[in-house]
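A quick write-up on the structure given underneath.
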Amino acid sequence: MKKICFLIIACISFLSYSENVRVRIYAEDKIKEVSFGVSFGSYTLNNRDIKRQDKLKAVLSEGKVEIYLNEKLLDKVDTLKLSSEDLKCFFQITPTGLKQRRYDNNLEIYPTKDKQFLMLINNVECENYIAGVVQSEAGGASDNTEFFKVQAICCRTYMQRNINKHKKEGFNLCDCVNCQVYFSRANKEQVIEGSMKTKGEVILDSLGKPIETLFHSNSGGETVNAKDVWGKEVSYLQPVRDTFSINQKNYTWEKEIREKDWLNYFKSKGIDLKKESNKQEILNFSQQDGRKNNILGINLVQIRKDFNLKSTYFSVKQWGSNVKLIGRGYGHGVGLSQEGAAEMCEEGYEYWQVIEHYYTGVKIKEIKNQ
Ligand SMILES: [Zn+2]
């Protein structure tokens, strides 16, 4: 019975879609002093009204936060709260020595646990956060709203899946690649529209769980089975034929390697080169008729890593004293191809068709606020 109750509670908390998310900003920087101010809208600072022209500063001092208003010490507090009146408000922030950024909604500043630095938390409405992530990660990649819908739904699914990632540290997500890059609020029209038009929508697997929205730059014409890369079968990360990636920017690549080095590599992995058929397979390896996952048992993922190749989707050709690797695609090849997705949107496909093309057997569902 206890187990059942726990399961029910877990499911309910999992499906709720919280309105705000706490994101640690400048998470990779060590900050002791930070200037900030209102960019748009009405704000209060620890319950005190402030004006747009007010210059605000927070300084770490003896384990507390000193607040300066127009260069005069105003207060010394445990937590500074810059609170916005509504969802349209945004502020600017500049830690000393770092670049200025703008974020939507609220800001909290308090000392880190060890009292050595300041913790900066952007307490932001979920959809504003999603739009900010999309702009930070892919804002320059397209002007097509449909493309940004694809990005938004993937970022939102990531958020939903990882909402408790930093819970023990007192926030939900951080702003660096370890979670999702979030270096700005969104101000690009198509990005905001793409996020708002997919509001609350996430991608679920056949068991109703948010999927891991893996993506890469270009599939080379066929995506990779997750099992071939990480050894684990994932129902929605299956190989699919992907003509949309063909002839896009990162579709082809070439690399020359000394034949001697190429052969010695396989020798070092225990392949018997005295056997002519082994040598021929290594020197004339081909994926012309589709992706393979190994050369004589040596995993292509390992070979890609060892030779720093753009993808595992290549064929080999003898080329003087070298071998030439003729490759297709860029990245691990699992899940969504970003260039392919952009091309699908250009060709008029809708965002859900793009998602269903790259992620096998998934469902898109709107998770409502509770
Ligand atoms: Zn993180």
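Some notes on this structure:
- In plain terms, the chain from Glu256 to Ser61 could stretch by 64.5 nm, reckoned as 0.36 nm per residue minus the Cα-Cα distance.
- Most tightly packed first, judged by the mean number of other beta-carbon atoms within 10 Å of their residues, the peptides 332-338, 262-268, 48-54, 147-153 read 147-153, 332-338, 262-268, 48-54.
- Among Asn225, Gly139, Tyr265 - extreme Cα towards positive end, dipole of the chain, charges at beta-carbon: Tyr265
- Helical mean residue ellipticity (222 nm; -39500 (n - 2.57) per DSSP H run of 4+; nearest 500) of the chain: -8000 deg cm²/dmol
- Of all the options Leu325, Leu300, Leu73, the one that moves most in a Gaussian network model of the chain with Cα springs shorter than 10 angstrom is Leu73.
- Selected from Asn278, Asn20, Asn187 as most flexible by GNM, with the chain as the system and alpha-carbon contacts under 10 Å: Asn278
- For segment 141-148, putting each phi into the Karplus relation 6.51 cos²θ - 1.76 cosθ + 1.60 with θ = phi - 60° gives couplings of 7, 6, 10, 9, 4, 4, 4, 6 Hz, in residue order, rounded to whole numbers and with x for Gly and Pro.
- Segment 252-328 shape via C-alpha gyration tensor axes, a/c threshold 1.5: rounded
- Charging the Cβ of each Asp and Glu at -1 and of each Lys and Arg at +1, and nothing else, the dipole of segment 252-328 about its Cα centre rounds to 140 debye.
- FRET efficiency, Ser286 to Glu28 (Cβ-Cβ, R0 41 Å, nearest 0.05): 0.40
- Most mobile of Lys197, Lys232, Lys81 in a GNM of the chain (Cα contacts under 10 Å): Lys232
- Each residue of segment 234-243 was assigned a 3J(HN,Hα) from its phi angle through the Karplus expression (A = 6.51, B = -1.76, C = 1.60, θ = phi - 60°), giving 10, 4, 9, 10, 9, x, 10, 5, 9, 5 Hz with x at Gly and Pro.
- Segment 182-255: GluC sites (Glu not before Pro) in DSSP coil with no more than 11 other Cβ atoms inside 10 Å: Glu233
- Counting beta carbons within 10 Å around each of Ser184, Ser84 and listing the fewest first gives the order Ser184, Ser84.
- Over 18 Å between alpha carbons, listed pairs Lys274/Lys305; Lys113/Lys167; Lys51/Lys115: Lys274/Lys305; Lys51/Lys115
- A simple rule links phi to the HN-Hα coupling: the Karplus curve 6.51 cos²θ - 1.76 cosθ + 1.60 with θ = phi - 60°, which for segment 101-113 gives 9, 10, 9, 7, 6, 9, 10, 10, 10, 8, x, 5, 3 Hz, with x for Gly and Pro.
- Residue-normalised convex hull volume from the C-alpha trace of segment 173-293: 211 Å³ per residue.
The numbers here are math on the coordinates, done by the rules we state, and not lab data. All of these numbers come straight from a predicted model, not from anything done at the bench. With ideal geometry, Cβ positions are generated from the backbone for all residues, glycine too; neighbour counts draw on all protein chains shown.
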